[in-house]
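Structure, as structure tokens:
The values are calculated or read from the model by the stated rules, or taken from the named source; none is laboratory data. What you see is a predicted model, and the numbers here were worked out from it, not measured in a lab. Cβ: placed from backbone, ideal geometry, glycine included. Neighbour counts: every protein chain shown. Each accessible area value is taken on the protein alone, full model and side chains, heavy atoms only, with ligands, DNA and RNA left out. Shrake-Rupley method; radii C 1.70, N 1.55, O 1.52, S 1.80 Å.
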Amino acid sequence: AAKAAGGGCCRVFTGAMRERAVRRLTVENDLRRALEHGELRVHYQPVVALRDGHRTGFEALVRWDHPHRGLLLPGQFLDVAEECGLVTAIDAAVLDEALGFLVRHPGTRVAVNTSARRLDGTFATAVARGLRQRALSPSRLSVELLETSLVSGDAVTERELRDLARLGVPVLLDDFGTGYSALSYLRRLPVTGLKLDRSFVADLPDDPGSDRIAAAVVGLAGSFGLSSVCEGVETAAQAEHLAAQGWESAQGFHFGVPAPEERWFPRAAAGAGGGLARVPA
Ligand code: C2E
Ligand code: MG
Ligand code: MG
Ligand code: MG
């Protein structure tokens with residue numbers, strides 16, 4: 001009986017693995033087509049100053065307007081894009097679109113997310129070129145990197161960060177607190193801000209553990225002279241709590257959901273809202 005059950009286990013496991021491989025291949029092929037056909041979009045979520053609630057900029061978040069499956073979120077395709085390397089093409093296309101957004105809206109700023117894979121030694125140069133071609137001030141763009149991108153201590157990554165710093169592009173550590181937190185890189189690397197992961201915001205203001213972590217991270221930001229942003233703020237009570245702790249900026253459904261450009265700049269609809277164009281490598 002044990003043997004039979006074991007066999008059953010193996011078959012189930014193999015089935016799951018097969019399913020995963022098939023999904024990977026399907027999504028990968030679909031994604032290649034999506035990039036060529038402009039099915040990827042960018043939604044913009046407002047970032048506000050907690051002091052007075054005024055909008056200081058936006059975060060650019062990729063979406064996939066799938067012809068059969070509807071609007072897909074990054075959680076439904078980015079893992080595959082990471083695995084097969086297409087994420088660098090996606091990031092390049094999002095950056096290109098975000099720079100266009102800055103040109104169309106001179107009073108604002110935008111943050112883009114960047115996969116660690118994109119920090120391959122050509123990223124800072126591509127950013128510099130994109131900004132120069134459009135005569136944009138580097139401080140209007142910022143780059144968000146997962147904290148985990150830095151743990152390998154890779155020399156190329158470090159050089160990219162130094163080049164971005166020299167250029168004047170702020171670098172934020174995204175989902176801060178969820179990675180493997182070797183704080184030593186804060187001493188070494190020219191990051192300019194911390195972005196508290198939304199899992200620490202979700203149970204505020206009542207959960208004492210979340211409260212202490214949020215307070216510790218904003219303290220850390222303060223002592224390193226870094227900017228502080230928290231994500232996932234869904235209620236006024238959370239916003240007030242974080243403002244009282246000294247957080248500078250926030251994002252979340254309480255202030256605004258990620259939405260197409262026309263939502264935030266209704267009169268600028270002409271020329272906006274189209275799919276992302278693939279950027280030659
Ligand atoms: P992230 O950079 O931490 O972005 C914040 C995520 O939280 C977004 O999910 C956003 O829609 C969601 N969010 C914002 N406010 C709230 C809130 O109040 N409550 C809750 N529950 N969620 C909120 P999204 O758009 O699904 O993106 C997920 C992740 O995918 C991003 O997390 C980022 O790591 C990654 N990502 C998004 N766009 C890109 C991209 O262009 N390139 C790369 N490499 N990664 C991207
Ligand atoms: Mg982000
Ligand atoms: Mg984040
Ligand atoms: Mg996050």
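For region 128-171, the set of residues classified as open to solvent by less than 20 Å² (accessible area, probe 1.4 Å), within 16 Å of ligand 2 (Cβ to nearest atom) and at pLDDT 90 or above consists of L141, S142, V143, E144, L145, L164, V169, V171, listed by residue number.
Out of G179, G219, G193, one residue alone is within 20 Å of E59 (Cβ to Cβ) and either buried (at least 21 other Cβ atoms within 10 Å of the Cβ) or modelled with pLDDT of 90 or more (or both). It is G193.
Figure legend. Inter-residue proximity from region 49-63: first residues in contact (Cβ under 8 Å) with a residue 40 or more places away in the chain, second residues in a loop (DSSP other than H, G, I, E, B) and open to solvent by less than 20 Å² (accessible area, probe 1.4 Å), beta-carbon distance below 7 Å, spacing 6+ or different chains. Indicated pairs: L50/W247; G57/T108; F58/T108; E59/Q251. Pairing residues of region 104-124 that are part of a strand (DSSP E or B) and within 11 Å of ligand 1 (Cβ to nearest atom) with residues that are open to solvent by less than 10 Å² (accessible area, probe 1.4 Å) and of a type in the set (K, R), at Cβ distances under 9 Å and at least 6 apart in sequence or on separate chains, gives A111/K195.
I'm trying to understand the selection: among the residues of region 233-263, which are within 12 Å of L204 (Cα to Cα) and β-branched (V, I, T)? V233, T235, listed by residue number.
Contact map, region 221-232: residues that are closer than 19 Å to S139 by Cβ and outside any helix (DSSP H, G or I) paired with residues that are open to solvent by 60 Å² or more (accessible area, probe 1.4 Å) and within 16 Å of ligand 3 (Cβ to nearest atom), Cβ distance under 7 Å, separation 6+ or inter-chain. Pairs shown: S227/E248; S228/E248; V229/E248.
Residues A239, A270, A244: which one is at pLDDT 95 or above and either within 15 Å of ligand 2 (Cβ to nearest atom) or exposed (fewer than 14 other Cβ atoms within 10 Å of the Cβ) (or both)?
A244 is the lone residue from the list that is at pLDDT 95 or above and either within 15 Å of ligand 2 (Cβ to nearest atom) or exposed (fewer than 14 other Cβ atoms within 10 Å of the Cβ) (or both).
Applying the condition of being among the β-branched types (V, I, T) and away from ligand 4 (no atom under 16 Å from the Cβ) to region 95-127 and asking which residue is modelled with the lowest pLDDT yields T122. One residue alone among V27, V42, V80 is open to solvent by less than 20 Å² (accessible area, probe 1.4 Å) and either acidic (D, E) or modelled with pLDDT of 95 or more (or both), and that residue is V42.
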